[in-house]
Amino acid sequence: MDPKDPSASAPPAPPEGGVGMVFEAPPIVPPDDTVVIPPPAAVPAAEQASPQQQNPFIPDVQMASSVGTPPASSGGTPWLRRLLIIGVAVLVLAGVSFGIWTAVQKTATPAHVTINYWGLWENDSVTRQFIAEFEKENPNITVQYTQESPKQYRERLQSAINRGEGPDVFRFHNTWVPMLRMQLAMVPPGVMTPAEFSSTFFPVASSNLVAGNNIFGIPIMIDGLGLYINDDLFAAAGVSPPATWTDVANIVPKLTVRNGTTIVTSAIALGTATNVEHFSDILGLLFLQNGADLTNLTGKDAEQTLTFYRSFADPSSPMYTWSDAMDNSVSAFAAGKVAMILAPSWRAHEIAQTSPKLRFHIVPVPQLQGNTVAWASYWVEGVSSQSKNKQAAWEFMKFLTSKDGVNRLYSEESKTRLFGEPFARVDLANTIKDDPYTGAYVKQASYARSFPIASRTYDNGLNDRLIQYLTDAVNGMAGGASPTQVLQTVSAGFRQVLSSYGLMSAAQTTPAP
């Protein structure tokens, strides 16, 4: 935005003692409120499965049978009994032999099957070679790939599976398990056990995708929030990328250029719900870092966090560096109008395409001293509970999520854009930890947490319903409401939504007197 007065002035430095949670909140270790899927409660009717479908939250119950000691014979000659025993044994051996021969024949000449795979972000040019390698190793399986639109994808996916017309393998968001629990087949032990899962992937994946002996899906990537740095603006101001929120507060005055109350160049895009992309993820991160309970957003920690977030867009605050008048945060960063944004890795492709000469890199998110938390929001591969070709689907899943498989996919993705999707596998994290774009996400993945307020999932369900309450809260504070007032509404709304998906018990949904 062009200033009315060519002479721009920087804002005064913040008063000693700081603003909001950065300096006032004591380091509190938050409760682990990463969503762990409990047995389901009532859900919206549109997302319920038919009564005939197995509930994947309840493990199969194997009916035990016992064979008692046979009663003593009451008659008959011994040789006749021996002859009968020999005859039965011959029949059993013949049956076993036939079964083995049949199994060998089936293995030797497997039937050819075609499985359908729904993805979201990779086009056919990326997946073609990758799938061809799998088909070469598995000549009896053909994979048909479809790149779906993310808009209304979750509803289309569920409807197609419930009609028996859906894909065999599909991509879904890590927060969607409560909504897809009837459509997801559990990962069989032959593909991966919970113990293998926990040693292969970062802890947040186990928290989101494993319940008891059930594994709901396997990730091939990890993502969340990273701090984007405009190299030229930082160099001009003589500052370094911040590691803590205290660092952020200290460099905001040095990076902000204002003409009166008009912001010419912003230090960081924070404080609004209308033009800060991924604001709900950012708020989720701040709440967790400050010790707030996302299932009960009331009290000092939650209020302090929301006040801190709003201070960046409050003209009366010394932290004022952003406003509703600014462009969309990602567009503003690409145009060189904001020095820092918090965003997932995939935004780098968009920014590089829009401004190929912009010099930027991504670092881990700032921390609140004494409490290290990062944010995770990522996509997962699953198999349909209604698939008629589950064996072939699981073979493809094993290939897709294997060390070699994700390496191949990353390589193919990197041919058409800046980088592939950051690895979800711990054993591959070190291979990209120094990458200027993806390194930040794998460096902080070991302490990342998740909650269903993830932006850009377009689920029209759990995430979007909760995000609306946060939108109203931020806008309410902008209109003059107190954090106590707006968070009471948020907390009540969150309880209602979470309970409808079986994520809170009846006791938890009742507010304290």
- Task: May I ask you to list the residues in the stretch 320-334 that are assigned to a loop (DSSP other than H, G, I, E, B) and either within 19 Å of Ile229 (Cβ to Cβ) or not assigned by TED's automatic domain parsing to the domain that holds Met477 (or both)?
- Result: Thr321, Trp322, Met326, Asp327, Asn328
- For the subset of the stretch 419-434 comprising residues that are surrounded by fewer than 18 Cβ atoms within 10 Å (Cβ to Cβ) and free of Cβ contacts under 8 Å to residues at least 60 places away in the same chain, which member is nearest to Leu503 (Cα to Cα)? Leu428
- Note on the structure: Being surrounded by 17 or more Cβ atoms within 10 Å (Cβ to Cβ) and modelled with pLDDT of 95 or more narrows Thr114, Thr142, Thr200, Thr193 down to just Thr200
- Any residue at all in the stretch 152-170 that is modelled with pLDDT under 95, touching a helix residue (DSSP H, G or I) at 6+ places or on another chain (Cβ under 6 Å) and not small (Gly, Ala, Ser)? no
- Task: Looking at (1) modelled with pLDDT of 95 or more; (2) within 13 Å of Ser377 (Cα to Cα), find the lone condition where Ile220 falls short.
- Result: (1)
- For the stretch 141-163, which residues satisfy the criterion of being part of a loop (DSSP other than H, G, I, E, B), within 17 Å of Tyr117 (Cβ to Cβ) and either in contact with a strand residue (DSSP E or B) (Cβ under 7 Å, 6 or more places away or on another chain) or touching a residue at least 60 places away in the same chain (Cβ under 8 Å) (or both)? Glu148, Pro150
- Task: Say whether the condition of being touching a helix residue (DSSP H, G or I) at 6+ places or on another chain (Cβ under 7 Å), basic (Lys, Arg) and more than 30 Å from Ser159 (Cα to Cα) is met by at least one residue in the stretch 425-443.
- Result: yes
- Message: I want to confirm something. Restricting to the stretch 257-289 and keeping residues that are out of contact with any strand residue (DSSP E or B) (no Cβ under 7 Å at 6 or more places or on another chain) and β-branched (Val, Ile, Thr), which single residue is surrounded by the most Cβ atoms within 10 Å (Cβ to Cβ)?
- Response: Val276
- Starting from the stretch 335-363, take each residue that is assigned by TED's automatic domain parsing to the domain that holds Thr256 and list its partners that are modelled with pLDDT under 95, counting only C-beta distances under 7 angstrom and pairs at least six apart or across chains. Ala348/Leu418; His349/Arg417; His349/Leu418; Ala352/Leu418
- In the stretch 386-405, is there at least one residue being surrounded by fewer than 23 Cβ atoms within 10 Å (Cβ to Cβ), touching a Leu at 6+ places or on another chain (Cβ under 7 Å) and closer than 22 Å to Phe201 by Cβ? yes
- Task: With the condition kept exactly as written, say whether any residue in the stretch 182-190 is over 25 Å from Ala445 (Cα atoms), in a helix (DSSP H, G or I) and among the aliphatic types (A, V, I, L, M).
- Result: no
- Task: Identify the single condition in (1) hydroxyl-bearing (Ser, Thr, Tyr); (2) in the same structural domain as Ser149 (by TED's automatic domain parsing); (3) surrounded by 23 or more Cβ atoms within 10 Å (Cβ to Cβ) that Tyr441 does not satisfy, given that it satisfies every other one.
- Result: (2)
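The values are calculated or read from the model by the stated rules, or taken from the named source; none is laboratory data. Not measured: the values here are computed from a predicted model. Reconstructed Cβ throughout: ideal geometry from the backbone, glycine too, with neighbour counts over all protein chains shown.
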